[in-house]
Amino acid sequence: MLKVPPLLRPLSALILSGVFVLAFRFPGALGGGLEPIMALLFPLLLLDGLYKGRHAAWTWLTLLAGLLLLYVWVPQTLASKGGLPFGLALLGTVLLSLWEATGLWLVAVGSRAAFRRLGPGAATCSAALLLLGWETWGFHVYPWTWGAAFGSLPWTARGAAFLGASGLSALAWGAGAWAAATLTGGGSLRRAMAGPGLVLAFFALAGGVWYLLPRDPARTVDVAMIQPNFPPGQRWLGMEAEMWRRSDALLKAQGWPRAGRPTLLLWPESAILGRDDRRPDPRLEREAASRGVAWLFGTEGGPYNLVRGEAPGRPPFIFAKTEPMAFGERTPGPEAFRRWLDPRLGFISQEAGRLTKDCVFEVPSAQGDLRVHPLICSEALMPERARRGLALGRADLLSNHTNDGWFDRSIATDLHAAQIRLRAPELGVPLLRATLSGKSGLFREDGRFELWGEPLSQGAYARELQWRPVRTPARSPWLVPVLMAGLALGTLLLGWKAQPRKA
């Protein structure tokens, strides 16, 4: 690849930031193929320029520009929905982008240091290792993974069953580092492209081996979802009654419930506001029993963001969000800092719930209880959070209850969907997405997905769902530690006898 002349570096940085955005601009072009192509191309181009002597500041500016373009919707959302002055909302967006750009920049310069001292192999392993560490343990206001781009196609999404989303992130950056280091070191184009080629070979192989993974017995359920398009955050009398009116119409149109099949009714986050649903209320169980459905809905209770479930003849299921979003829902840091800062911001931090073995809603079924683990809004963005919930509850199915009304008509509701879609193939079970006013949908364990409607729209959706839970390697709590240990060992072994390169 040619070295970019100094006068063209601002233009090249802007073009490269556009490649960054295209990797996450969902839904993408080429039948979904554009996202994985751009996700592989961006690290290669970014690291190629860095390895060839481009000043590290250009790398940082490229990353910052890409994130600002991706988060272009944030200032208006914070101003219109969060009540912040536009200038303060803009400052918050810049600070968020600065933080995330700096994290990726450290990954890039760390890989360059390994390349200069230890050679292409060590640069490859270090890029993958550092990115995996940043995504897994770095602080993120909005958790996201580079590997989410590979969820746009079923055959690449199934790779997450083996490496997880962050493992796919490491794969993409490792392949880019290998190609860039080989070209910078004078290697052939054929040798350089071996890295990206092996990535494609992995996806092809994993997509086939996925069919050989062990499976649990088949499960079936009729699913009804209501997307009401209520104004986000507004509490008013009659919310539950209006949701039942729409639900009853959908159930009647479908002729549900049906003999021998359970019916699961899902309402989104914030479907019912203005009351404390932690308290006992026998009426709620009667509402579900009179319709013959299992009912799981988003609500609130004091300082908690809740989902509550009701099924005929069963005690109520109450579960609080365990990972409130930093700043948006809870001020991060020590309790003393929270008590000092919250009153000054006019903010009340949510309390975090606890993740225990009781984190599943049990739906009575002729096949045995169907176990549903809910992920409340941004929790579905966190691979480890979803994995722990599934394991603790021995869940058969995931649900995501989301209030996307905060995003207006921006691309954010699509970005959110794109970032959560790999939870299904990672963990081998379907993920049902019920939104307040965004795009509800279904993500299947084999990587296929459906999204319905448009932002700020209402709808009522019904699906007959049948699947066999897949016991994927990505369910293992040891996956990320083993990957990181292997990459660290590879960096050391590959660099053991390598001659230091000149800067």
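Per the Kirkwood treatment, what hydrodynamic radius in Å, one decimal, follows for region 354-503 from the mean inverse distance over all distinct Cα pairs?
Numbers: mean 1/r = 0.0579 Å⁻¹.
Evaluated on region 354-503, it is 17.3 Å.
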- [ ] Figure the gain on full extension for Glu450 and Glu384 (residue separation times 0.36 nm, minus the Cα-Cα span) and round it to one decimal in nm.
- [x] 21.4 nm
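Decide, for the chain, between rounded, prolate and oblate: order the square roots of the alpha carbon gyration tensor eigenvalues as a ≥ b ≥ c, take rounded if a/c falls under 1.5, and otherwise choose prolate if a/b is larger than b/c, else oblate.
Note, shape of the chain comes out prolate.
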Open item on the list: If a paramagnetic tag sat 7 Å from the Cα of Thr220 along the Cα-Cβ line, which residues of region 257-275 would have the backbone N under 13 Å from that point?
Closed with: 258-263
Task: Whole-number accessible area per residue in Å² for region 206-294, which is evaluated in the context of all protein chains at 1.4 Å - done: 46 Å²
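Using the Cα gyration tensor of region 71-158, with a ≥ b ≥ c the square roots of its eigenvalues, what is the shape: rounded (a/c below 1.5), prolate (a/b larger than b/c) or oblate (neither)?
Working: a/c = 3.55, a/b = 1.73, b/c = 2.06.
Oblate.
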- [ ] Give the value in nm², to one decimal: projected area of the alpha carbon convex hull of region 339-421, averaged over all directions.
- [x] 7.7 nm²
TODO: Relative to the longest principal axis of the C-alpha atoms of the chain, give the angle of the C-alpha long axis of helix 194-209, reported between 0 and 90° and rounded to the nearest 10°.
DONE: 30 degrees
Task: For region 62-177, accessible area per residue (1.4 Å probe, heavy atoms of protein chains only), Å² - done: 32 Å²
Open item on the list: Quick check: the angle from helix 34-51's long axis to the longest principal axis of the chain, C-alpha only, nearest 10 degrees?
Closed with: 30 degrees
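Probe of 1.4 angstrom, ligands and nucleic acids ignored: what's the accessible area per residue over region 301-388, in square angstrom?
Heavy-atom accessible area per residue stands at 45 Å².
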Open item on the list: Given Cα positions, please report Rg to Rh for region 162-308, the hydrodynamic radius being the Kirkwood one.
Closed with: 1.25
Task: Helix 160-184 vs. the chain, principal-axis angle (Cα, 0 to 90°, nearest 10) - done: 20 degrees
TODO: Determine the order of Lys52, Lys252 by accessible area, beginning with the largest, at a probe radius of 1.4 Å.
DONE: Lys252, Lys52
Open item on the list: Once R0 is set to 35 Å, what does the formula 1/(1 + (r/R0)^6) return for the Cβ-Cβ distance between Arg279 and Leu345, expressed as a FRET efficiency to the nearest 0.05?
Closed with: 0.75
Task: Length added when fully stretched, Ala56-Arg468, from 0.36 nm per residue minus Cα-Cα - done: 143.5 nm
Task: Fraction of accessible area attributable to carbon and sulfur, the chain (%, probe 1.4 Å) - done: 65 percent
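Within region 405-503, list the chymotrypsin sites (Phe, Trp or Tyr not before Pro) lying in a DSSP loop whose Cβ has at most 10 other Cβ atoms in a 10 Å radius.
Trp478, Trp496
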TODO: State the extension gain, in nm to one decimal, for the chain segment bounded by Ser457 and Trp496, taking 0.36 nm per residue of separation less the distance between their alpha-carbons.
DONE: 8.2 nm
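The values are calculated or read from the model by the stated rules, or taken from the named source; none is laboratory data. Not measured: the values here are computed from a predicted model. Because the Cβ atoms are built from the backbone with ideal geometry, glycine has one as well, and the counts that use them run over all protein chains shown. Each accessible area value is taken on the protein alone, full model and side chains, heavy atoms only, with ligands, DNA and RNA left out. Shrake-Rupley method; radii C 1.70, N 1.55, O 1.52, S 1.80 Å.
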